[in-house]
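Take a look at the structure set out below.
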Amino acid sequence: MPRGLQEVSVAGRPYLLDRGTGRVFRDVAGGTGAEPEPCGQWVGNRVVFTPAVTEAELYSALATYLERTGLALEDVFAVLDADLDGCLRAGPGSGGARELGRLFLDVVPHLTPSQLQLFSALADFDGDGHVSVEDLQLAGRESFEQLASF
C-alpha cells in the first residue's frame, strides 16, 4: 500500500484514504505497485465520489477551452507537439502525459489515469499511438453524434 494511505471500506468495497487531504483512491493495481487512482473525497465520514467524465463532456470542455482561450485546435497542437510530427502522442508509456494527456488535463484537470488512457485510445483511430488534429476533430464529432442518437 502506498505510504500515508489507509484502507477503508465503503459499501463493502475497499478504498484507500489519504487522511491528510481527504482524497479517496481506488487501488486499481491490487497492490502491484501502480499508482492508486483518485475517485472521490472523504467528507463527514463518507465518500463523495467524483463523477466519471463522458467522452461528450470531454469534447464539450475542449470546445469551451478553445473558445475561452481564443485558440484554434491547430494552435494547441503546435504548442504541445514535442517532436513536431504534427501529432500528439497518445499511447501508454509513449509520452502521452506530455502531449495528448496534457491537453486533456488542461481541459478537464480531474481526469483519472484510466480515463486519460480511454480517451486517448478512442481518439487514436488507427492505434499507432499518435493523434492528429483531424483524428481529434473526428473523435469529438463522433462523441456528439452518439449522444444525439439517444
Worksheet item: Once fully extended, how much extra length lies between residue 18 and residue 80, figured as 0.36 nm per residue of separation less the alpha-carbon to alpha-carbon distance?
Response: 19.1 nm
Fill in: Amide H contacts of residue 40 (H built 1.01 Å from N, under 5 Å, at least 5 apart or other chain)
24, 50
Practice prompt. Give the accessible area for residue 135 in Å² (nearest 10); use a 1.4 Å probe, count only protein heavy atoms, and leave out ligands, DNA and RNA.
Written response: 40
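The values are calculated or read from the model by the stated rules, or taken from the named source; none is laboratory data. Fair warning: this is a prediction, and the values are worked out from it, not measured in the lab. For the accessible areas, the whole protein counts, side chains as well, though only heavy atoms, and no ligand, DNA or RNA atoms are used. Shrake-Rupley method; radii C 1.70, N 1.55, O 1.52, S 1.80 Å.
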